[in-house]
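To start, the structure itself, in structure tokens.
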Amino acid sequence: MNKPFRIYHNAGQIATITTEQLDGDYVVVTDDEAKHISDNISSYTVEDGKIVNIKKIKKARPSLQFSDKFDLGQQKQCWITEKNNLFACVSGESTQPKTFDQTKYSWVKYDS
């Protein structure tokens, strides 16, 4: 007969999966559950004596967008770059400059 697997945890975070008896808080699981949890241990936590799968919420990635006009983004700043080149930043502006050469430069705003 197989010994039951014990998942030891500290403040809900899984610390050890073993069949040995150690000191500390643990939850008893089946062989299949132990195998499944050990394959992806960072996706699980212990809450109220039960193993819980953490559902990761994907946040929208911040984006850099070219703009035809001066437009403040999330950072309250509009970036001036070389024409159509996100990686050649000339300066960041929080107020619209008096002169702007649209043949040489582009507006870029950062949003998330």
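Computed from the coordinates by the stated procedures, all read-outs in this text should not be read as laboratory data. None of these values were measured; they are calculated from a predicted model. Glycine gets a Cβ as well: all are built from the backbone with ideal geometry, and neighbour counts include every protein chain shown.
Assorted remarks:
- For the stretch 67-84, the set of residues classified as surrounded by 13 or more Cβ atoms within 10 Å (Cβ to Cβ) and either over 28 Å from the mean Cα position of the chain (by Cα) or of a type outside the set (Asp, Glu) (or both) consists of Ser67, Phe70, Leu72, Gly73, Gln75, Gln77, Cys78, Trp79, Ile80, Thr81, Glu82, listed by residue number.
- Filter result for Ile41 (touching a helix residue (DSSP H, G or I) at 6+ places or on another chain (Cβ under 8 Å) and under 20 Å from Ala15 (Cα atoms)): no
- Members of the stretch 1-32 that are surrounded by fewer than 11 Cβ atoms within 10 Å (Cβ to Cβ) and either free of Cβ contacts under 8 Å to residues at least 12 places away in the same chain or within 28 Å of the chain's Cα centre (by Cα) (or both): Met1, Ala11, Asp23, Asp32
- Qualifying positions in the stretch 94-103 - under 30 Å from the mean Cα position of the chain (by Cα) and under 12 Å from Ser67 (Cβ atoms): none
- Only listed residue being of a type in the set (Lys, Arg), under 30 Å from Arg6 (Cβ atoms) and out of contact with any helix residue (DSSP H, G or I) (no Cβ under 9 Å at 6 or more places or on another chain), chosen from Lys50, Lys83, Lys109, Lys69: Lys50
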